[in-house]
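What follows is calculated from the coordinates using simple rules that are stated; it is not laboratory data. This is a predicted model, so every value here is computed, not measured. Here the Cβ is made from the backbone with ideal geometry for all residues, glycine too, and neighbour counts use every protein chain on show.
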Amino acid sequence: MKELIKKLKKYNRWRRGDETVPQPHPQEVGEMIDQAIKEIEDYLKHKEGEK
């Protein structure tokens, strides 16, 4: 999860115009999004199970 957060922050810096960050490959961005969605879904399932 920490690595995903690091990658997403880096991607966001690039997206906002930080020219020191190289443009990521679109497939890599898609994989990061997929992983983030999975983590959020897993978190929500866990939280719903606590009720």
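Is one or more of the residues making up region 3-21 exposed (fewer than 10 other Cβ atoms within 10 Å of the Cβ) and on the phi > 0 side of the Ramachandran plot?
Checking region 3-21: at least one residue is exposed (fewer than 10 other Cβ atoms within 10 Å of the Cβ) and on the phi > 0 side of the Ramachandran plot.
Kindly evaluate GLN35 against the criterion of being part of a helix (DSSP H, G or I), polar (S, T, N, Q) and surrounded by 11 or more Cβ atoms within 10 Å (Cβ to Cβ).
Details: part of a helix (DSSP H, G or I): yes; polar (S, T, N, Q): yes; surrounded by 11 or more Cβ atoms within 10 Å (Cβ to Cβ): yes.
Answer is yes for this residue.
Quick one: LYS7 ticks every box in (1) free of Cβ contacts under 8 Å to residues at least 24 places away in the same chain; (2) part of a helix (DSSP H, G or I) except a single one, so which number is it?
The number of the failed condition is (1).
Within region 10-32, which residues are in a helix (DSSP H, G or I) and not aromatic (Phe, Trp, Tyr)?
Taking region 10-32 first, the residues in a helix (DSSP H, G or I) are 10-15, 26-32.
Scanning region 10-32 gives LYS10, ASN12, ARG13, ARG15, PRO26, GLN27, GLU28, VAL29, GLY30, GLU31, MET32.
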